[in-house]
1. In Å², and per residue, what accessible area does segment 94-175 have when probed at 1.4 Å with the other protein chains present?
2. Note down the magnitude of the dipole of the chain about its Cα centre, charges +1 on Lys and Arg C-beta and -1 on Asp and Glu C-beta and zero elsewhere, to the nearest 20 debye.
3. For segment 16-69, with every protein chain kept in place, what is the accessible area per residue (1.4 Å probe, Å²)?
4. Taking only C-alpha pairs under 8 Å that are 6+ residues apart, what is the relative contact order of the chain in percent?
5. Under 5 Å between amide H atoms, partner at least 5 residues away or on a different chain: which partners does ARG95 have, H built in plane at 1.01 Å?
6. Please label the shape of segment 103-175 as rounded, prolate or oblate, based on the square roots a ≥ b ≥ c of the eigenvalues of the alpha-carbon gyration tensor (a/c under 1.5 means rounded; beyond that, a/b larger than b/c means prolate, else oblate).
7. Can you tell which of LEU108, GLY163, PHE147 lies farthest toward the positive end of the dipole of the chain, using +1 and -1 charges on the Cβ of basic and acidic side chains (Lys, Arg; Asp, Glu)?
8. Could you compute how fast segment 1-54 diffuses translationally, taking Rh as the Kirkwood radius over C-alpha pairs and applying Stokes-Einstein at 4 °C with viscosity 1.567 mPa s? Give it in µm² per second.
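The values are calculated or read from the model by the stated rules, or taken from the named source; none is laboratory data. Because the structure is predicted, anything quoted here is derived from the model rather than measured. All Cβ positions, glycine included, derive from the backbone under ideal geometry; neighbour counts span all protein chains shown. Just the protein is used for accessible areas: all its heavy atoms, side chains included, with ligands, DNA and RNA removed. Shrake-Rupley method; radii C 1.70, N 1.55, O 1.52, S 1.80 Å.
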Amino acid sequence: MWVSVLGHVERDNFDRASGCGEWTVRELVDHVAGGADRTAILLRGGTSDDTATTRGLDYIGDDAVGSFWSQEHLMREAAANADLSAPVDYRLGERSGEALMQIRVLELVLHSKDLADANGDTWDPPADLVEFLLGTGSTVIEEFRAFGAVGPELPVAEDATPGERLLAFAGRASR
C-alpha cells in the first residue's frame, strides 16, 4: 500500500501537508524511510539510544522512492537474519522482534492513509491486512494509545469499511 501511494508523490508536492499532523509530505516520507533504518538497527541488536541518534537525519534526499526502498531492503535483510522471538530495546519498552515487525506493518498502513490524503488518492487497505492489525496487531495500537502516539478509539458506523474500522480503532477520523 505504502509503495503504491508513494509512487504518486510528485517532488513539487513535498512541501504540502501530509495528512499526518503538522508534517509535510517530505517529513512523512522521511519518517517512514527512517523507520526502516531504526527497525533494522534494533533487529541487529542496537538499542533505543542508537535509534535516537538517527532522528533528524535526511533519509530521502532527492529520490524518495529509491531511498525508501534502500532502507526497506536493509530492514528486510535484518529481519531475515534476526531471531524475531528475541527481545529488542524499543523506545516504548522491550518487545520481541516479531512485535517490532507488527509496528512496522501498522506504520506503513496508517501512513499510507496520510500520504493518500495528501495526494488526493483513495485508501482501501485489504480486508485481511486490516483484520490482522485489528486482531494480532491490536496490542500494538493499545500500547501506542497508552504512550499518546494514537488517540482514543473513535465510534464507527455499523456498515464501516475495514479501513474505516482500523482508522477508528487507531483514533483517526476517516475524513
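1. Per-residue value: 49 Å².
2. Working: 15 positive and 31 negative charges, 42 e Å.
It comes to approximately 200 debye.
3. Working: 2440 Å² over 54 residues.
Per-residue accessible area for segment 16-69 comes out at 45 Å².
4. Values: 217 pairs, mean separation 37.9, N = 175.
About 22 percent, as a whole number.
5. Distant-sequence amide H within range of ARG95: VAL88, TYR90.
6. On the way: a/c = 1.35, a/b = 1.25, b/c = 1.08.
Taking the square roots of the gyration eigenvalues as a ≥ b ≥ c, segment 103-175 is rounded.
7. Of LEU108, GLY163, PHE147, it is PHE147.
8. 105 µm²/s
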